[in-house]
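Below is one structure, written out as structure tokens; comments come after it.
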Ligand code: PMP
């Protein structure tokens, strides 16, 4: 850290930054060196309010000593144990603790190391489930336009991001996409779940009519699409998807990598919307972002079909060297303790009205074409500038950073998702800085 503090200008010779314009980075490097509570400190000593919980993951805020101590204790007790054919108590305990907060019946927990791995795991589980039940013809996977499901080949195949198609033309075969739920014309400035668009779930019926239900394994959606701009499902949409899946024997997967662990003011989005999927993918808030880890929550039905299936020994031929890693599981248990002690899994519900009112209060600023909020998430959509999409929002991002606020932008949509320990004073600060930045770019 001392070195980082000495120079704000990193050498670009070795570290290849992910999802980053590496060639441009040094023109305006943004470097964090410390983090505590709701704030980062940059390498040049400026405090920056974290409006995005890192990358939607630091739900309990930064620098939680109890998590660090739990990790240290675990690493000095036992650093690593093989994850195949062997176990250790911490992973079992963490799975039990997760099962206790899981939506009804989704209490079979498979550990991974990231959201992308959770997605690939869930898709493989779905294929294996049908095979185990003698329905091996069900291989087709259905995603959604503007879906983001990480960067594995499974995830980019079911995801709906055009750059993944342009840059990596090789995808899983047999994947279809239903439409996303974004509808600016009918739903702009909805205070919460938009009123219009439930019928878009019927796209799934069209896919079934086209291919036959017997060919379809699973549908995967983010209950609230995060990375592509905070798209909130219209009222009744997820219920309708569930009904269509039930009718045709299709598994429903919720990718809750962002929405899991209190983001919407409930433990999971499944709780918020009152819709229970067959499989849930998680990561990020699972360990407060402190140690990389993901977890897939499977229903007993999915789990038991595999356990009772015809494979003679290993029921699910899948796993990672670091599945259930002791340090990550210890971090996860300590994280859950904090979530429970501080009521963070439902705190978003307490703050939601203040959050909604404050963010919607920005609506008369120039160039804003929509504001969407749910729980402690917000999307603010700007009209694109003539010189290209994304330019205006990027300017707001840079201006906010210089004024001491971290936001995320995707195209011309600003996404906000602060740590769930947000207090009114932080909210006031966030809105004040963002409002100044929005006025300046105008
Ligand atoms: N699914 C969703 C819904 C996500 O938002 C993300 C990450 N933003 C992922 C999967 C991928 O997670 P990771 O980056 O940990 O692989």
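Coordinate-derived values only; no laboratory data. Note that the structure is predicted; figures quoted are calculated from it, not measured. Heads up, the Cβs are rebuilt from the backbone with ideal geometry, glycines too, and the neighbour counts pull from every protein chain shown.
Comparing Cα centroids, the range 50-79 and the range 183-205 end up 37 angstrom apart. Treat the range 78-191 as a sphere of radius equal to its Kirkwood radius over Cα pairs and apply Stokes-Einstein at 4 °C in a medium of 1.567 mPa s; give the translational diffusion coefficient in µm²/s, rounded to a whole number. This corresponds to a translational diffusion coefficient of 76 µm²/s.
So if the hydrodynamic radius of the chain is defined as the Kirkwood radius over C-alpha pairs, what does Stokes-Einstein give as its diffusion coefficient at 20 °C and 1.002 mPa s, in µm² per second? Answer from the Stokes-Einstein relation: 95 µm²/s.
The alpha carbon convex hull volume per residue for the range 211-263 rounds to 99 Å³.
At 1.567 mPa s and 4 °C, plugging the Kirkwood radius over alpha-carbon pairs of the range 313-442 into Stokes-Einstein gives what diffusion coefficient in µm²/s? Reported coefficient: 77 µm²/s. Along the Cα→Cβ direction, 7 angstrom out, place labels at residue 424 and residue 171. What is the inter-label distance in nm? Placing both labels 7 Å along Cα→Cβ, they lie 4.8 nm apart. Volume per residue of the convex hull around the Cα atoms, evaluated for the range 270-363, comes out as 156 Å³. For the range 309-348, the share of alpha carbon pairs falling in successive 10 Å distance bins from zero is 25, 26, 24, 19, 6 percent. In terms of other Cβ atoms within 10 Å, 146, 179, 263 run from fewest to most in the order 179, 146, 263.
Computed from the alpha carbon positions, the gyration tensor of the range 45-112 leads to an equivalent ellipsoid with semi-axes of 28, 20, 11 Å, biggest first. Residue order for 400, 192, fewest other beta carbons within 10 angstrom first, comes to 192, 400. Each label was represented as a point 7 Å from its Cα along the Cα-to-Cβ direction; for residue 85 and residue 55 these points are 3.5 nm apart.
When you count the other C-beta atoms within 10 angstrom of each residue and take the mean per peptide, 422-433, 327-338 line up highest first as 327-338, 422-433.
Of the candidates 226, 260, 37, which one comes out as most mobile in a Gaussian network treatment of the chain with C-alpha springs shorter than 10 Å? So, out of 226, 260, 37, the one fluctuating most is 37.
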